Amino acid sequence: MLSMQDLNISMHAQVPKRHLRSNVKTYIYAGCVVLLALVVFRLWITRDTVSNFHSDETNISIQVFKNVGSTELLSQNLGAAAILGPLTLDDAIELSNREFALHFNNLGQISEISIDNELGEHKLAQFDQIGLSSIEINGRTLISTDTIENNQNPNTRLTFHALNPFFDGKIRSIDQNGWLSVHSKGLTLHGLGAKAQIKTELQIPEQTDVIAQITSTEKEQETTNTLSSYLSEPMSEIINSLSSPWKLVVTQDTDKNIFYSLLIEENFEIDVLAEIARNLNSISSLSTIALTLDDKSTVSEIRSVYEPEISIATEQDTHFLHLSSGDTELHMTQTPSYLLTTNHNTSPSLDNIQVTSQCKPNAHTFVIIESVTDNTLGSSVLSKLDTIAINNRSIYLCW
């Protein structure tokens, strides 16, 4: 009787190696096809059909892609905020199918909204009754606070930013593009940050809390100017007129008194210092006269119709100026490389302690909105936010 061994039949069949390699290639090809299909589906479902549907005056457009998580967070935290006339963010969410876009003018205000569907004549008539203009083109609707010229040509765009799992919308501006993410702390505008020009830290007065830190950036952007608009008009005017690197830290004590420390990397002439002092102290008339100090160096004294008390001291190439007018004090330290100014009752100095924001710890610029505004925000989006912060890469809007 013949055995299996005699017949030379193996008890354990082996699959040929060529067949195994063929199966591996098939699985790889199949995986690539599935992955490609998922990429195409993701790009298509997040396609942008609204961010370029706006007027010529638009400076920044933010597409908001609706998904369950982001829509719920937006509605909970910003839903009741008025974004265009009486229209709220919840209205924009409800009117849109898959996406909508907010369009900002050069003042940082929302001036238009574009929706990814046609709303019908009845809805357009309602917009007209509340003082808003609207127009429908190619299955999209544009709503504006101004008259809309019929020269729009909306189109569809794909963005590879959508492959990021945290992508919630596309951001387009005149000189920069980025993307939006919505999270539990707020909104992040990725790609719109700017690198700070100055890293020097300022001394913070004791028993005060930092409510704002604004730093000049290397890019000519509107972000810093927009943040500085929350400060007093004299301070904003000075900041907007500076061409040198600068940093401003604003603090507040328990009695809600506001103090500032301003560092400017420039050696100013004395008449320019007088102009700065006039603006910061809200003194209507200041002039300068020549003054010779004990060390025979010559500086100028600041005088005013209000006759403020002035003291001037000098050490080598550094001048110290203290000006007092009523309840207002001003300390100025001018070195060959920088000017340091504060309205606190202590002389300003540099410090190695870094000021941080709870919104974004490494932000070089941030503003706690409630602390630096005069309660005139009403029900706007800003009224629902706690802090605006900027670092080298992104802008953060924390609620």
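For segment 60-192, the relative contact order works out to 23 percent when only alpha carbon pairs closer than 8 Å and six or more residues apart are counted.
Legend: residue pairs LYS66/LYS170; LYS185/LYS384; LYS66/LYS185; LYS195/LYS256, Cα-Cα distance threshold 22 Å; pairs beyond threshold, LYS195/LYS256. Most tightly packed first, judged by the mean number of other beta-carbon atoms within 10 Å of their residues, the peptides 46-57, 244-255 read 46-57, 244-255. Taking amide hydrogens as placed 1.01 Å from N in the peptide plane, the amide H of TRP399 sits under 5 Å from those of GLY186, LEU187, ASP386, each at least 5 positions away in sequence or on another chain. Placing a label point 7 Å from the Cα of GLN176 along the Cα-to-Cβ direction, the residues of segment 35-63 whose backbone N falls under 15 Å of that point are 59-62. Compared with the alpha-carbon gap, the fully stretched path from GLU269 to ILE28 is longer by 79.6 nm at 0.36 nm per residue.
FYI, it's all coordinate maths here, none of it is from the lab. None of these values were measured; they are calculated from a predicted model. Using ideal geometry, Cβ is built from the backbone for each residue, glycine included, and neighbour counts are taken over all protein chains shown.
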